[in-house]
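> Before anything else, here's the structure in question.
The values are calculated or read from the model by the stated rules, or taken from the named source; none is laboratory data. A quick note: this is a predicted structure, and the numbers were derived from the prediction, not measured. Here Cβ is always computed from backbone atoms with ideal geometry, including for glycine, and neighbour counts include all displayed protein chains. Just the protein is used for accessible areas: all its heavy atoms, side chains included, with ligands, DNA and RNA removed. Shrake-Rupley method; radii C 1.70, N 1.55, O 1.52, S 1.80 Å.
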Amino acid sequence: MTAELAPPAQAVELDPLQQEGIAVVLDRNLALVEGVSGPEASDIDVLDYRITVHPEGASVLLALDAPSLVAAENGAASVLDELISECDLLPGWTVAHSEVRITEDEFNERLAAAEDADPADELEMAVEEALESAPGPDAAMDIEHWRSRLTDLAHRLRAFDRTAFGRSDESAALCAGALVHAVRVVTDELFYDELALAVNNATVADAVGLLVLEELPPCYDHRYDAFFARAFVLASGEVAVRLTSPDWTPPRSVAEALALRLIINEARVVLEAAELMNWDDSERVFAAFAERAFGDLDVDELYAVELPMASELEPELVEQAAKTEADLHNRGLAFDQWFTPKDGSPGVHPYLDSL
């Protein structure tokens, strides 16, 4: 099922930043929906979804497990109407119209075509194929929109020339623009995560539905609270400013290196989602960029730590965790060292003094 969501009648075209915000809001809320009740107490499950936001609104593609096509149509309308009515960030939005993108017969044909797999795998494969092949809003126009947008942003990355990506063709400009775009996305997501942690008095270890802080090294999940999130915003801000400055200064602290890592990852996500560069190609391109950008500060080994560096551990793990923590401290990677400048500079934001 597909549906078009329309903004309030008085709204003008959504600008790129508003489009990003709407996409995040819809994705965050749809991810929480498991299903709705259908006719005669039947259950309608939401198997998967795709969201495309454009200047006139948003297109939502839903894969539903329902007893009939009519039930699926009603279920899709129910899911989206309830989502809009309960979301304070979408006042005045409406479901403009909905329609079938694939009939029951077509879906069953794809399901039957998946041979030599167990039923669960067959269902998953059929759903994925249906979602990927369903025509959405003009895909070519969407790709060109992102190509133009990222190319226009490329000049903002003043700290590096295009050769930093190991190439000098159009794709280098797209990567540069993707990094600038990623700064905005990561910053918004950090603010959202900080609010979620503050409201719930939680850490990443016991929070759900976060957008970006879950991508930090899991060994310190219990240390990522709202105060940490605010400090991390300051670190990411330093990186963002230097990316747009004429001269590049590599990350001065572990926190800055981790922020740069998140920005690079988001840039790769944007390029793949816009179908401008696949994941494998972007890995090679940004590996070349990373060699120039990170300097001598390597934070990848933090992701290889399997033990949580927490105070409450099984007795047999306490000694092992203490040894790992000591090793990290010797290499300057322990949590209490994350915001300390490696170059010995005394210039540290006063907010970080109490970390």
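Okay, residues lined up against (1) assigned to a helix (DSSP H, G or I); (2) modelled with pLDDT of 85 or more; (3) touching a strand residue (DSSP E or B) at 6+ places or on another chain (Cβ under 6 Å):
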{"site": "47", "(1), (2), (3)": "no, no, yes"}
{"site": "51", "(1), (2), (3)": "no, yes, yes"}
{"site": "59", "(1), (2), (3)": "no, yes, yes"}
{"site": "84", "(1), (2), (3)": "yes, yes, no"}
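> Also, I was wondering about something else. Just give me the residues in region 325-353 being in contact (Cβ under 8 Å) with a residue 60 or more places away in the chain and not in a loop (DSSP other than H, G, I, E, B), in sequence order. Quick ask: steps written out before the conclusion?
Our first condition is that a residue be in contact (Cβ under 8 Å) with a residue 60 or more places away in the chain; within region 325-353, this holds for 332-333, 335, 337-343, 345, 349, 351-352.
Hits for region 325-353 are 335, 337, 351, 352.
> Here's another thing I want to ask about it. So, of the residues in region 231-245 that are of a type outside the set (A, V, I, L, M) and out of contact with any Leu (no Cβ under 9 Å at 6 or more places or on another chain), which turns out to be most open to solvent (accessible area, probe 1.4 Å)? Outline the logic, then answer.
Kept after step one, since they are of a type outside the set (A, V, I, L, M), are these residues of region 231-245: 232, 236-238, 242, 244-245.
From what's left, out of contact with any Leu (no Cβ under 9 Å at 6 or more places or on another chain): 237-238, 242, 245.
Details: 237: 31, 238: 87, 242: 27, 245: 33 Å².
Here the residue is 238.
> So, one more: Only one of these is touching a strand residue (DSSP E or B) at 6+ places or on another chain (Cβ under 9 Å), buried (at least 16 other Cβ atoms within 10 Å of the Cβ) and part of a helix (DSSP H, G or I): 145, 181. Name it.
Numbers: 181 fails: touching a strand residue (DSSP E or B) at 6+ places or on another chain (Cβ under 9 Å).
Going through 145, 181 in turn, the sole match is 145.
> Is it the case that region 246-254 has a residue that's closer than 26 Å to residue 202 by Cα and buried (at least 21 other Cβ atoms within 10 Å of the Cβ)? Steps first, answer last, please.
From region 246-254, those closer than 26 Å to residue 202 by Cα are 253-254; that's our starting set.
Among the residues that remain, those that are also buried (at least 21 other Cβ atoms within 10 Å of the Cβ) are: 253-254.
Within region 246-254 (the criterion being closer than 26 Å to residue 202 by Cα and buried (at least 21 other Cβ atoms within 10 Å of the Cβ)), the answer is yes, since at least one residue qualifies.
> Looking only at region 309-316, decide whether some residue is open to solvent by 60 Å² or more (accessible area, probe 1.4 Å), charged (D, E, K, R) and closer than 22 Å to residue 190 by Cβ.
There is no residue in region 309-316 that is open to solvent by 60 Å² or more (accessible area, probe 1.4 Å), charged (D, E, K, R) and closer than 22 Å to residue 190 by Cβ.
> Being crowded, with 18+ Cβ neighbours inside 10 Å and under 28 Å from residue 203 (Cβ atoms) is true for just one of 269, 299, 285. Which residue is that?
Working: 269 fails: crowded, with 18+ Cβ neighbours inside 10 Å; 285 fails: under 28 Å from residue 203 (Cβ atoms).
After ruling out the rest, the residue left standing is 299.
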